[in-house]
1. Inside region 306-327, can you point out the residues that are in contact with a helix residue (DSSP H, G or I) (Cβ under 7 Å, 6 or more places away or on another chain), among the polar types (S, T, N, Q) and within 18 Å of T86 (Cβ to Cβ)?
2. If I filter region 303-310 for residues that are farther than 17 Å from W389 by Cα and either of a type in the set (V, I, T) or open to solvent by less than 50 Å² (accessible area, probe 1.4 Å) (or both), do I get at least one hit?
3. E354 passes all but one of (1) in a strand (DSSP E or B); (2) surrounded by fewer than 22 Cβ atoms within 10 Å (Cβ to Cβ); which number fails?
4. Just to be sure before I move on: is L324 modelled with pLDDT of 95 or more and farther than 18 Å from V374 by Cβ in the structure I sent?
5. Step by step: first the residues of region 425-436, then only those that are of a type outside the set (G, A, S) and either in contact with a strand residue (DSSP E or B) (Cβ under 8 Å, 6 or more places away or on another chain) or assigned to a loop (DSSP other than H, G, I, E, B) (or both), then the one that is most open to solvent (accessible area, probe 1.4 Å). Which residue is that?
6. Take A225 and decide whether it is within 21 Å of the chain's Cα centre (by Cα), of a type in the set (G, A, S) and open to solvent by 20 Å² or more (accessible area, probe 1.4 Å).
7. Taking the condition of being free of Cβ contacts under 8 Å to residues at least 60 places away in the same chain and part of a loop (DSSP other than H, G, I, E, B), how many residues in region 127-179 meet it?
Amino acid sequence: MNMSDQRAVSPHVLIFPLPLQGPVNCMLKLAELLCLSKIQVTFLNTQQIQERLRINSAGADVYFKRYPNFRFETVPDGLPEDNPRTGDQIGHLLESMDAVAVPIFRGMVTSGGEYGPGSENQVTCIIADGIFTFAAGIAAEIGVPLLYFDTISPCGLWTYLCLPELIEAGEFPFKDDNLDEMIRNAPGMEGIIRRRDLPSFYRTNDVNDRIIQLVLKEDKHIPLAQGLIFNTFQELEAPILAQMLSVCPNIYAVGPLHAHLKTRLAAETCPGVQPTTSCNSIRREDSSCISWLDAQPSKSVIYVSIGSVAMITTDQLFEIWHGLVNSGSRFLWVRRPGSVTGLDPETTKEIPSELSLGTKERGYIVSWAPQEEVLAHPAIGGFLTHSGWNSTLESIVEGKPMICWPYFVDQQVNSRYVGEVWKLGLDMKDTCDRVVVEKMIREVMELRKNEFLQRADEMAKLAKASVSEGGSSYADLDRLILDIKFMKIPTTWK
Ligand code: UDP
C-alpha cells in the first residue's frame, strides 16, 4: 500500500453472527449500540434468519430502518428449507455455511467486492462469531482488524480454550466413567469444574470427533483476532476474563447487552419515557402469557424454557410435566414446536388427567414467549432453564433464581457457575426425574426462596451498575467504540 493513497474512510463494521436465535439476538443488540455511536454497520444474516426475523419479529427489519447507518445483507446457509436447524443439526449448519456462505462473504469483503478495499463502502472492521474460523484468514487478507464475539459465556469458552491442555495432561478423553472427577488443568476453574460440568460433547473417547476437532480449530483461531468481545460483565466473571487475557490481551466485556442497550437508548429519550427496543425473535411471540401473568400473585410463577435449539425426549417432557404439577407451583411453560423428539401426536390422548387438571389450574403453555418481558414480570419467581447464555443473563438482570437443566455447548459450564460459584440457583444437570424436578422447584420457590432471591437481587444490581455510566461494561463499550473509530485501517490497495 502506498501511504500517500491513504484517505479518510469512515468506520464501517461488518457483523457476521452464527445463524441461531441467541447469537443473532445479542449481535443485533451490539449492532444497535454501535449505530447509536454513529458507526456504520452491515449485519450479515443468512436468508433463513432474515426471513424469520421479518415474519416473526414484528419487523426487526423495519425497526432498524430508524438507523440510516445500518443495513442488513444476506447470504444463503446452504441447508434445505425444511431443515429444522435445531441443536442436533449444528455440525451440518457449519459445514454448509463453509461451503456456501463463506465464498459469498469472501467475495463481498475482498478486492472488487461491494465492501472490499478501495470501495466506497469498504469495511474497516469485522466482528464475527468465534466459531467462524474462516474470518481470521479473510480479515488478514484484506488487512482489517477482526474482533471475535463469542456469544457463549466466557466460562464456557474458557473450557474450549483449555482443551489442548486437558489433552496434553491426559485429562481428556476421560479415563473412566466417573463424571464427578474434578478437572485439574483448567486454570481458574480448580475446585469448581467436574468432568460433568464440561460441555456435553467432551463425553467422547474420540479426539477426532467432529465437534472436538471444531473446538480445537477455534482454539487456534481465537488468538488471531485483534480483540475479543464478550456478553458478560466484570463483576460476574472477573477471574475467567483475567485468564482470557493470556489468549488475547484486548478484551471488551460489554454485557449484559440487552440491558446495556436499554440504558443507552434511555439516555437518548426524554426522561420517564421507556425507550422502544427491537424484538429480535425469529419465532412468533405469544403475548397472551403476559395477561395471564398479570393475574398471578407476586413471585409465584416458575418460568420454563429450553431456548431456541435444545431438544428433549418425550419421556423427559413427561418427567418435567409431572414435576411441575406435583410441585404445586404455578408455571408458565414454553413448549417450542418441534422440540420434543419422538412425540407422537396421538400422545395427547394419553395425557394423565392429573397433568391436564394441574395445568388447567396453575399452568399456562405457549409455543414462544416474549422472554425478556416475562422474566421482568413481578409474578415470575424462578426460571427452569436450559442455561443458554442469553437466558442466563436475562435472568440475572431481572434478579430471578434459576433451576438449570443444561443441554449442550457452554450450558453445562454455565449451570455449574449458577449453582456453585454465583449461588443463584440449583444445577439439575444430567437428571430429569419428576421427584427431583418437584424437589428443586419447591426449594427455589418456597423453602430457600428468600435466600436465592436476595442473592439474585444483589447480582442484578451489579449487572445493572455495570451497564450504567461509570460501570465496567459501559467503559468497555466506550473503549470498543473508540477503538473501532480510530483503528489503523488500510485504505486503497495497489
Ligand atoms: N427466547 C424467547 N422466547 C422464548 C424462549 C427464548 O424470546 O420463548 C429468547 C431468549 O430471550 C434468549 C434466546 O431466545 O434471548 C435464547 O438464547 P439462549 O442463549 O438462552 O439459548 P439458545 O436458544 O441459543 O440455546
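1. Listed by number, the residues that qualify are S308, T314.
2. Initially, region 303-310 is screened for residues farther than 17 Å from W389 by Cα, giving none.
No - not one qualifying residue is present in region 303-310.
3. With respect to (1) in a strand (DSSP E or B); (2) surrounded by fewer than 22 Cβ atoms within 10 Å (Cβ to Cβ), E354 is out only on (1).
4. Working: modelled with pLDDT of 95 or more: yes; farther than 18 Å from V374 by Cβ: no.
No.
5. Of the residues in region 425-436, the ones of a type outside the set (G, A, S) are 426-436.
Then keep just the ones that are either in contact with a strand residue (DSSP E or B) (Cβ under 8 Å, 6 or more places away or on another chain) or assigned to a loop (DSSP other than H, G, I, E, B) (or both); that gives 426-433.
Numbers: L426: 25, D427: 39, M428: 2, K429: 15, D430: 78, T431: 51, C432: 33, D433: 59 Å².
The residue in question is D430.
6. Judged against the criteria, A225 is not a match.
7. 11
Yes/no matrix, rows are residues, columns are (1) at pLDDT below 95; (2) surrounded by fewer than 18 Cβ atoms within 10 Å (Cβ to Cβ):
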position	(1), (2)
D98	yes, yes
C125	no, no
T133	no, no
L146	no, no
F149	no, no
L157	no, no
G170	no, yes
P173	no, yes
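The values are calculated or read from the model by the stated rules, or taken from the named source; none is laboratory data. Because the structure is predicted, anything quoted here is derived from the model rather than measured. Glycine gets a Cβ as well: all are built from the backbone with ideal geometry, and neighbour counts include every protein chain shown. The protein model used for the area step is the full one, side chains on, heavy atoms only, and it has no ligands, DNA or RNA in it. Shrake-Rupley method; radii C 1.70, N 1.55, O 1.52, S 1.80 Å.
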